[in-house]
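Visitor: Mind having a look at this structure? Questions to follow.
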Amino acid sequence: METKLLEITTENMEQAARMIADGKLVAFPTETVYGLGADAMNGEAVGKVYAAKGRPSDNPMIVHIADKKDLARLTPVVTEVMKALMEAFWPGPLTMIVNKLPGIPDATTGGLDTVGIRMPSDETARALIRQSGCPIAAPSANISGRPSPTTAQHVVTDLAGKIDAILMGDECQVGIESTVVDVTGENPMILRPGIITRGELENAVVKIGKKVELDPALLVNRPRDVSEPDFKPKAPGMKYKHYAPKAEMLIISGEIAKVKTEIDRLKSENEAKGKKVGVILFEKDQSREAAHDFFARLREFDEQKADLILAGALDPNDGVGFAVMNRMLKSAGYHIINV
Ligand code: TXA
Ligand code: MG
């Protein structure tokens, strides 16, 4: 299939929107990562997204909307919690898991009776949704299991030839995917951490007497057999192998000076054996930079054919650090040492 690479012009936006409305697949920028979009209400179109990404079909998609009022067309009740979170974080990198209305195809929600909804802040994304006239189902626009795409070029690398078009926008500002929060229970529960932190969520709901919980599966920091009884992440996507670079990857955790020394030592030791070594190391107050750069760095190391990636752990008690560590641990296959 020929994939059209579309610069962001008025005409191209109209063309891309028509393609979505016609059941085709168009990748587009958002503030978090690039998404691979299809008409969320067209089960056949959504089915093609799974095929293009090589994605397991029980992994539901996030549905993107352009206006807050569109939420009421996808879910039966808009609760106080939903209102508070929307008010505080939309448009922006927050996905809410809500009860779904029956019109949403099973393909979009992986057969669940809930649906993930997000209103992106990226103007191109919102214009595409508005112009296509339908909510857009979009997972990250990468081959399943690969690092998420934060530039248009990343999408070209993974999906050229497999989808109808790519909107060639700017690089993504955030760099990691949205915070996913289940709002169907008594208190909101984080299923996937992101740049919007637990503390920020808490501030938004404390005034209506709610607390923010964390899916206990997020605190597990070793690979788990999904058949283990206590390992049931509530976001189906969190159980799959993810974000994996081609190189072997090791995380070094501990006090920053010691981490630096150990990384230098391991680097020299491995280079002496003829290995190509990549290093990812951020200072304590650089968790946002880490989020912005992390996936792009993994892809760079792939291109440079690195054999080994050494990464300094971020502080998991810093909200954004926790979100980056969630990705880093998965990329490294939970390969971590303490110094
Ligand atoms: O920032 C983002 O969220 C990006 C951009 C494109 O918006 N999208 C993204 O989609 O990261 P994806 O498909 O790569 O990740 C969606 C995550 C998966 O872990 C999925 O299992 C979870 O959200 N999810 C979606 N719908 C769900 C539902 N109804 N219940 C529980 N988890 C759900
Ligand atoms: Mg993804």
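Visitor: Could you check how many residues of region 213-263 are hydrophobic (A, V, I, L, M, F, W, C), modelled with pLDDT of 95 or more and within 16 Å of ligand 1 (Cβ to nearest atom)?
Guide: Of the residues in that region, 1 qualify.
Visitor: Would you point out which residue out of Ala137, Ala127, Ala160 is away from ligand 1 (no atom under 13 Å from the Cβ) and within 20 Å of Arg55 (Cβ to Cβ)?
Guide: Ala160 is the lone residue from the list that is away from ligand 1 (no atom under 13 Å from the Cβ) and within 20 Å of Arg55 (Cβ to Cβ).
Visitor: Ok, one more. Listed residues Leu298, Leu266; which is within 16 Å of ligand 1 (Cβ to nearest atom), modelled with pLDDT of 95 or more, part of a helix (DSSP H, G or I) and of a type outside the set (Gly, Ala, Ser)?
Guide: Result of the check over Leu298, Leu266: Leu298.
Visitor: Going by what's in this entry, would Ala107 be described as buried (at least 24 other Cβ atoms within 10 Å of the Cβ) and in contact (Cβ under 8 Å) with a residue 40 or more places away in the chain?
Guide: In short, no.
Visitor: So which residues in region 149-173 are hydrophobic (A, V, I, L, M, F, W, C), within 16 Å of ligand 2 (Cβ to nearest atom) and surrounded by fewer than 24 Cβ atoms within 10 Å (Cβ to Cβ), if there are any at all?
Guide: Leu159
Visitor: Counting only residues that are modelled with pLDDT of 95 or more and away from ligand 1 (no atom under 16 Å from the Cβ), give me the strands (runs of 3 or more DSSP E) lying completely in region 1-78 with at least 3 of them.
Guide: Strands (runs of 3 or more DSSP E) meeting the threshold: 4-6.
Visitor: Enumerate the pairs (first residue in region 141-164 and within 16 Å of Pro29 (Cβ to Cβ); second residue anywhere and within 12 Å of ligand 2 (Cβ to nearest atom) and acidic (Asp, Glu)) with beta-carbon separation below 8 Å, excluding pairs fewer than 6 apart on the same chain, so at least 6 apart or on different chains.
Guide: These pairs meet every condition: Ala141/Asp158; Asn142/Asp158; Ser148/Glu177; Pro149/Asp158.
Visitor: Just to verify a result, which residue in region 40-80, among those that are charged (D, E, K, R) and under 23 Å from Asp182 (Cα atoms), is nearest to ligand 2 (Cβ to nearest atom)?
Guide: Out of the qualifying residues, it is Arg55.
Visitor: If you go through region 297-315 one residue at a time, how many are touching a helix residue (DSSP H, G or I) at 6+ places or on another chain (Cβ under 8 Å) and surrounded by fewer than 19 Cβ atoms within 10 Å (Cβ to Cβ)?
Guide: Qualifying residue count for the region: 2.
The values are calculated or read from the model by the stated rules, or taken from the named source; none is laboratory data. What you are looking at is a predicted structure, and each value in this text was computed from that prediction instead of being measured. Every residue, glycine as well, gets a Cβ built from its backbone with ideal geometry; the counts of neighbours run over all protein chains shown.
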